[in-house]
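Take a look at the structure set out below.
Please treat every number below as a calculation from the coordinates, not as lab data. Note that this is a predicted model, so its numbers are computed, not measured. Cβ sites come from the backbone with ideal geometry, for glycine too, and all protein chains shown count toward neighbours.
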Amino acid sequence: MESNLMPERLSAKKKGTFAFKTIADRLPTILTKVIDTTYQYRLKAAELYGEEGANDCKALAGHLSKLRNCLQTDKPLEEIGDGRDDEEMWNKVLREETETRDGVPPSAFTASWLYVECYMYRSINEGIRKSQHLRDFDPFRNQKEQALETSRDALITLSLHLQETLKKGAANFESFSEVIQISLWGNKCDLSISAGVENSQKISPVEPLQRLRPYILVNHVEQVWKLLQSHSNKPLRLDIILDNAGFELFTDLCLADFMMSTSLVTSVHLHYKAMPWFVSDVTASDFHWTLQQLSDSEDKLLSSFGNKWRDYLKNGRWIVHDHPFWTTCHDFSEMKSVSPDLYKELTHSDLIFLKGDLNYRKLVGDREWSHTEPYERALGGFNPAPHCALRTLKADVVVGLQEGVDAKIEARNPEWMVSGEYAVIQFSAK
Ligand SMILES: O=P(O)(O)OC[C@@]1(O)O[C@H](CO)[C@@H](O)[C@@H]1O
Ligand SMILES: [Mn+2]
């Protein structure tokens, strides 16, 4: 997996790094919230499944407490053992990591940040899958549902704006650029960076766009527009690799609707997660719950969008996927070898939007690249189709910046790489 040609992956080996802070503080905080949620669920579980349900909750809380202790005391990470179809993929990496350490298993403060953080969410799911009655239990569900509910005003504002935009008929560069930026900034609403603290969209998603333009450090929206215009006479397929539920998902569905309604594309494939992931990432149940909530809304416009989008699913113009690769520890340069079926599927796309920070970290291998490293080089061979990353910076990794940009911003705002205030719209042609 590792190559000496490439910089090291980010890791908590080094105190003072954001990886160290995440693994030492933020992940235990997130896990503690999951344990509390599990414990609170035991009464409901007893109601639904009797004593077996309550015992399931106790066993899960025990599994999670052991996981938290393992992470906090830097104990060797253990193999996953729940029989899920990706179990061997995970344990193969654990064995490989152990071999590269002369037989010493990886641990939270010695393995790569990407591996450890993904491992934590996979181990949470292992505890859930080992239960008798909790297999559909999502410890983050309440937070994700609240995230949508507390963004209601922003949803209404954005739905009115989308309605006005669609009334103007064909897309132009300005309307396209605007809907891309709205989806981009929707990525601020992420419950992992906030360690589970409510982080919904409180202000208008449209009004601040002009003010936020200078915070987009790489802006390739024109290259994406030109790609779409160059194929305007043929049916185009758009893929969106989704990130967070709640307001961000709504911005992504608005983007998908805009692209379809203006005939920039003729089909949209939406990819969500196969298990609860990084607190707020969208799962199948989050996706369909969100559409149902919109359809059932008292707000007529929200309800009409919910109905329209559910029709797109029914008539096959929108297609959803939940490939297990997206919830592994692998970066995207490994997709072709680890999940050739997914890589092949993505070669049928004409344009892939990848949302959010974790997807960006996986695009560039979560490595300690120089900030001016060319984006294509950091991709390590991942290029199934033209793609564009829409990401707010919430981890200290970024590539493709002009010389000097990082120093200038660092002087102004030392937290610039992890605060979510800055963003990139980074494109790579096939
Ligand atoms: O992918 P997202 O939702 O934009 O961000 C996920 C995230 O908040 O979680 C990790 C920090 O714990 C980082 O990868 C990133 O900051
Ligand atoms: Mn996320």
Debye log10 I(q)/I(0) for the range 1-66, one point scatterer per Cα, at q = 0.28 Å⁻¹ | -1.07
Around Met275, with a cut-off of 13 angstrom between Cβ atoms, what is the net charge of the other residues, counting Lys and Arg +1 and Asp and Glu -1?
-> -4
What net charge is computed for the residues neighbouring Ser304, neighbours being all others with C-beta under 13 Å from the C-beta of Ser304, Lys and Arg scored +1, Asp and Glu -1?
-> -2
Relative contact order for the range 18-129 using alpha-carbon pairs under 8 Å, separation at least 6, rounded to a whole percent?
-> 28
Summed over the other residues with a beta carbon less than 11 angstrom from that of Asp366, with K and R at +1 and D and E at -1, the charge totals -2
Rounded to the nearest 0.05, what FRET efficiency do Ser304 and Arg152 give with R0 = 22 Å and r taken as the Cβ-Cβ distance? Could you check?
-> 0.85
Could you grab the relative contact order for the chain? Cα pairs under 8 Å, six or more apart, rounded to a whole percent.
-> 16
What FRET efficiency would be calculated for the residue pair Gln72, Lys130, taking the C-beta separation as r and a Förster radius of 30 Å, to the nearest 0.05?
-> 0.85
Find how much the distance from Ala59 to Arg95 grows on full extension, using 0.36 nm per residue of separation minus their present alpha carbon separation; answer in nm with one decimal.
-> 10.3 nm
Sort Ser200, Ser370, Ser230 so that the residue with the fewest other Cβ atoms within 10 Å of its own Cβ comes first and the one with the most comes last.
-> Ser230, Ser370, Ser200
Inter-label distance, nm, simple model (7 Å from Cα along the C-beta direction), His231/Glu87 = 4.0
Equivalent ellipsoid dimensions for the range 141-428 as semi-axes, Å, which come from the Cα gyration tensor, largest first = 26, 22, 20
Which whole-Hz couplings ³J(HN,Hα) result when phi for each residue of the range 368-375 is put into the Karplus expression 6.51 cos²θ - 1.76 cosθ + 1.60, θ = phi - 60°, listed in order with x for Gly and Pro?
-> 7, 5, 5, 5, 9, 4, x, 4
Looking at the range 1-126, how many pairs of lysines come closer than 17 Å at the Cα, when each pair is eight or more places apart or spans two chains?
-> 7
Filtering GluC sites (Glu not before Pro) in the range 276-356 by DSSP loop and by at most 14 other Cβ atoms within 10 Å leaves Glu298
Label-point gap, in nm, between Glu222 and Leu166 - each point 7 angstrom along Cα→Cβ = 3.0
Using a basic spin-label model with each label point 7 Å from the Cα along Cα→Cβ, how many nm lie between Glu410 and Glu207?
-> 3.6
Label-reachable residues, the range 222-246, where backbone N falls under 16 Å from a point 7 Å from Phe173's Cα toward its Cβ | 222-231
Work out which helices of the chain, taken as complete DSSP H runs, extend at least 18 Å along their axis over the Cα atoms and score a mean Kyte-Doolittle of -0.5 or more, then list them.
-> 27-72, 113-129, 152-167, 173-186, 247-261
Go ahead and estimate [θ] at 222 nm for the chain from helices alone: -39,500 (n - 2.57) per DSSP H run with n ≥ 4, summed, over the residue count, rounded to 500.
-> -15000 deg cm²/dmol
Listed by chain and number, the residues whose amide H is under 5 Å from that of Asn219, excluding neighbours fewer than 5 places away on the same chain and using placed H, are Ile425
Rounded to whole Å, sorted largest first: equivalent-ellipsoid semi-axes of the range 18-129, Cα gyration tensor = 28, 17, 10
About its Cα centre, how strong a charge dipole does the range 342-382 have in debye, to the nearest 20, once Lys and Arg get +1 and Asp and Glu get -1 at the Cβ?
-> 80
DSSP loop GluC sites (Glu not before Pro) in the range 384-430 with at most 15 other Cβ atoms within 10 Å of their Cβ, which ones?
-> Glu403, Glu415
Evaluate E = 1/(1 + (r/R0)^6) for Asp311 and Glu403, where r is the Cβ-Cβ distance and R0 equals 41 Å; express this FRET efficiency to the nearest 0.05.
-> 0.25
